[in-house]
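Data first, discussion second: the structure below is written as structure tokens.
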Amino acid sequence: MNKIFLAFIIITSAFFSALAEAKSGPLRDSSGRTIRRGGKYDPRPVYLPPVVTIPKGEFRGVWVSTVLNLDIPASRSAAEFKQRYTAMVRKIASAGFTAIIFQVRPNCDAFYPSQFAPYSQWLAGREGVGFKNFDPLAFMIRTAHAYRLEFHAWLNPYRVMNDVKVSKKAFLNSRHPRSFARQNPHLVLDFYDGKSHTLFLDPGRPEVIRHVQNVVFEIGSKYNVDAIHFDDYFYPYEDIGSLDNASFARFNPRKLSRANWRRHNTETLIAGVRQVINRVNARRKTRIKFGISPFGIWGNAKDIKGGSATGGKQTYFNLFADTRGWVKRGYLDYIAPQIYWNFAHETAAYAALVDWWDKTVQGTGTRLYIGMAPYRLGAPGWSSIELSNQLRYNRMHSNVSGFILFSCRHVFGSKPHAGIRYFFQNLR
């Protein structure tokens, strides 16, 4: 009887092992072709096991973008803002997330009373207009904490405004008198592509770096934020040519090449912000973290030693942001690369980048959260289970500590994509 039972156990075990192996076979695209780990750069197939352990203390964040009122509309009163924000936080918390990453400084402005910037036009509909006896940021932090969510204050360090249809002078003159950009037009660079202007603070000017550091110090000193969060906008994605000639000539005592000088400028900013946050934490006995969400590709292996199996734009060369170096040198508490591509992407495959970042943060003390793109669901190549499979793939990596979704309206819209429902089924 024991032998029969033992044989049954062996046969059953073999059956379920075979079943598990079948379920964990290589991923395939809609045409039935095996998906390669690095698109055309790495032919190895992508495998997903049937069962993946949920990491203990997994970080689960949602970006709330305020620029252009993308995720939250302008409000007519403090009461209306409170109602909208509280409803949003309630949804985020009840869905199982652990953090809200809220854009408090979208365009050289502020969602809080600041000595360095006017109220954002995206708060109440007009720049410089807030609500009497109401501090939006203080309320947002209290509410998030009441729902046991971390609150990360998301700042764009340089952006003044994109897609401007008038001249730089005309636009800056339309800004609030307390706007740093209006007060310092000589610190604003103007990139014109023939259709519209992109205005941004000059990263090569020491005054700009000090200004951003002052903004960070003000927030850290006044508010109980859990983190200061920067996004992917450093130097513009476009080639700005010699737009920064004056700064390059005046503020380059080491005679660096233009590319190395620009990378030095962004590193000076990041290292300085790290020091500011350390100083605030020491003074207030707080534990404010510093995190950055860069474009997903640091460098392509074909272009730079140690790069990823990819072929797209690169933060090191295009945005002059040495994001890998910042991790290695300990400037960041976390990094959340925006890996907004699917598994089947030929030149920026999801698996290739998760693998690369997992290896990059190993042993550094910098936590890795993957920036994911529910807004792409429904696009060509994005099946309903793409996002769920990406979540499962994240959890296969020991150095991936969580994820952040872009953005709130694509997660909690009035008609959520089927892919979001599948994602939530795999969340817990």
Global form of region 167-308, assessed from the alpha-carbon gyration tensor, a/c cut-off 1.5: oblate
Taking all protein chains in place and a 1.4 Å probe, what share, in percent, of the accessible surface of the chain do carbon and sulfur account for? 53
Write down the accessible area per residue of the chain in Å², having rolled a 1.4 Å probe over the full set of protein chains. 45
Can you return the lysines within cross-link range of K195? Criterion is Cα-Cα under 26 Å, with same-chain partners fewer than 8 residues away left out. K165, K168, K169, K313
Ignoring ligands, DNA and RNA, how do D202, D193, D333 rank by accessible area with a 1.4 Å probe, largest first? D193, D333, D202
9 Å beta-carbon shell around S120, net charge (K/R +1, D/E -1): -1
In whole Hz, what ³J(HN,Hα) sequence does region 218-232 give by Karplus (6.51, -1.76, 1.60; θ = phi - 60°), x for Gly and Pro? 4, 5, x, 7, 9, 10, 8, 6, 8, 7, 9, 10, 9, 9, 9
Are there trypsin sites (Lys or Arg not before Pro) in region 94-183 that DSSP puts in a loop and that have at most 11 other Cβ atoms within 10 Å, and which ones? K132, R148, K165
5 Å is the cut-off here: which amide hydrogens, built 1.01 Å from N in the peptide plane, fall below it relative to V160, excluding neighbours closer than 5 in sequence? L199, F200, L201
One finds, for R283 and R329 with R0 = 30 angstrom and r their Cβ-Cβ distance, a FRET efficiency to the nearest 0.05 of 0.80
The chain: angle of helix 2-23 to the longest principal axis, Cα-based, in degrees nearest 10: 40
Flagged as over-length at 18 Å C-alpha distance, from K305/K359; K56/K91; K91/K222, the pairs are K56/K91; K91/K222
Can you list the HN-Hα couplings for region 234-249, worked out from phi with the Karplus curve (6.51, -1.76, 1.60; θ = phi - 60°), rounded to whole Hz and with x for Gly and Pro? 10, 5, x, 5, 6, 6, 8, x, 9, 4, 9, 4, 4, 5, 4, 6
Quick calc, region 134-264, dipole around Cα centre from Cβ unit charges on Lys, Arg (+) and Asp, Glu (-), nearest 20 debye, gives 460
With Cβ to Cβ distances under 15 Å as the rule, what net charge do the other residues near T366 carry (K, R +1; D, E -1)? +4
The chain: angle of helix 78-94 to the longest principal axis, Cα-based, in degrees nearest 10: 20
Quick one: putting +1 on the C-beta of Lys and Arg, -1 on the C-beta of Asp and Glu, what dipole do you get for the chain around its Cα centre, in Debye to the nearest 20? 700
Antiparallel bridges, percent of DSSP beta bridges restricted to the chain (to nearest 5): 25
If you add up the charges near S174, with Lys and Arg at +1 and Asp and Glu at -1, over every other residue whose beta carbon is less than 9 angstrom from its beta carbon, what do you get? +1
Through the Karplus equation 6.51 cos²θ - 1.76 cosθ + 1.60, θ set to phi - 60°, convert the phi angles of region 135-146 into ³J(HN,Hα) values in whole Hz; use x for Gly and Pro. 9, x, 5, 4, 5, 4, 5, 4, 5, 4, 5, 4
I need the trypsin sites (Lys or Arg not before Pro) found in region 210-259, filtered to DSSP loop residues with at most 16 other beta carbons within 10 Å of theirs. R254, K255
What angle, in degrees between 0 and 90 and rounded to the nearest 10, separates the Cα long axis of helix 258-284 from the longest principal axis of the Cα atoms of the chain? 90
Binned Cα-Cα distance frequencies in region 331-428 - 10 Å width, integer %: 16, 50, 28, 6, 0
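The values are calculated or read from the model by the stated rules, or taken from the named source; none is laboratory data. Everything numeric in this text was worked out from a predicted model, so none of it was measured. Here the Cβ is made from the backbone with ideal geometry for all residues, glycine too, and neighbour counts use every protein chain on show. For the accessible areas, the whole protein counts, side chains as well, though only heavy atoms, and no ligand, DNA or RNA atoms are used. Shrake-Rupley method; radii C 1.70, N 1.55, O 1.52, S 1.80 Å.
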